[in-house]
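K.L.:
Following this message is one structure expressed as structure tokens.
The values are calculated or read from the model by the stated rules, or taken from the named source; none is laboratory data. Note that the structure is predicted; figures quoted are calculated from it, not measured. Because the Cβ atoms are built from the backbone with ideal geometry, glycine has one as well, and the counts that use them run over all protein chains shown.
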Amino acid sequence: MSDAPTTQPRAVVLLSGGLDSATTLAMAQADGFECFCLSFDYGQRHLTEIRFAGQIASKRAAHHKVVSVDIAGFGGSALTDRNIAVPTVAATGDSSDIPVTYVPARNTVFLAYALAYAEVLGALDIFIGVNAVDYSGYPDCRPEFIQAFETMANLATRIGVEGGRLRIHTPLIALSKEAIIQAGLGLGVDYGQTVSCYQLDESGGACGECDSCRIRRAGFEAAGAPDPTRYFLRG
């Protein structure tokens, strides 16, 4: 995209290649921000999502940066440790438990990188597509966490102590998946270019069995919109 000067305020947008982050990017763009997207290779089961993130960013962002960080080196999650199975419909447990797909401290790490990038860019705004309604019980998707991180960000940065005010935007946090999809369609998001599955194949095909696939599919059904997800058949 063009490097020509712009008067738009800048924002860092965390972009995974998923439905929620693609919608968040569209919302940030609609709010008038020049968007700088940040994606992570953190040792997740598949890197296909990064390819999808790049495709999404190429149409909406001023720049897309991919950062490598070895969260997988600690293990402890089905998304980073292949010795831990991804739960499926047939392997559900107590719904009050935090599932094994939770990646320890992932959003804390991602937001810390976004904060550093924002300081370099001179941006006061960070967007993240966390959701506290149709989600899997992850503790780092709650409003309390976001509020605490924003407070910390303004205490720990030069921008914050010199009078600027950093803001963490969570436009999806109180929306159902149905409402997220409806909002995104209204903003022209092509959900066929997004992926949500916890165990994608190399082409971007989804399993249709994991928690993320089921939440996504139910969202399209509730929204009355065609589900563009490509599913592969598991043996």
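K.L.:
Just need a number here: residues in the range 175-211 that are among the aliphatic types (A, V, I, L, M) and either under 16 Å from HIS46 (Cα atoms) or at pLDDT below 95 (or both).
P.N.:
Going through the range 175-211 one residue at a time, the tally reaches 3.
K.L.:
Give the number of residues within the range 155-172 that are surrounded by fewer than 19 Cβ atoms within 10 Å (Cβ to Cβ) and closer than 18 Å to MET27 by Cα.
P.N.:
The total comes to 1.
K.L.:
Just to verify a result, which residue in the range 22-60, among those that are at pLDDT 95 or above, of a type in the set (S, T, N, Q) and assigned to a helix (DSSP H, G or I), is surrounded by the fewest Cβ atoms within 10 Å (Cβ to Cβ)?
P.N.:
Per the stated criteria, the residue is SER58.
K.L.:
Take the residues in the range 100-118 that are touching a residue at least 60 places away in the same chain (Cβ under 8 Å) and outside any helix (DSSP H, G or I), then tell me which one is surrounded by the most Cβ atoms within 10 Å (Cβ to Cβ).
P.N.:
For the range 100-118, the residue satisfying everything is VAL103.
K.L.:
Here's a follow-up. Just the residues that are of a type in the set (Val, Ile, Thr), at pLDDT 95 or above and assigned to a helix (DSSP H, G or I), please, taken from the range 144-160.
P.N.:
Across the range 144-160, the qualifying residues are ILE146, THR151.
K.L.:
Let me confirm something: among LEU79, LEU19, which residue is surrounded by 21 or more Cβ atoms within 10 Å (Cβ to Cβ), out of contact with any strand residue (DSSP E or B) (no Cβ under 7 Å at 6 or more places or on another chain), modelled with pLDDT under 95 and of a type outside the set (Phe, Trp, Tyr)?
P.N.:
LEU79
K.L.:
I've got another one for you. Yes or no: CYS197 more than 16 Å from the chain's Cα centre (by Cα) and buried (at least 22 other Cβ atoms within 10 Å of the Cβ)?
P.N.:
Against the criterion (more than 16 Å from the chain's Cα centre (by Cα) and buried (at least 22 other Cβ atoms within 10 Å of the Cβ)), CYS197 does not qualify.
K.L.:
List pairs: first in the range 72-98 and hydrophobic (A, V, I, L, M, F, W, C), second modelled with pLDDT under 80 and not in a helix (DSSP H, G or I), Cβ under 9 Å, 6+ apart or cross-chain?
P.N.:
ILE98/SER136
K.L.:
Between a first residue in the range 164-193 that is over 20 Å from THR151 (Cα atoms) and in a helix (DSSP H, G or I) and a second residue that is of a type in the set (Asp, Glu) and at pLDDT below 95, which pairs have beta carbons less than 7 Å apart while being 6 or more apart in sequence or on different chains?
P.N.:
LYS177/ASP134
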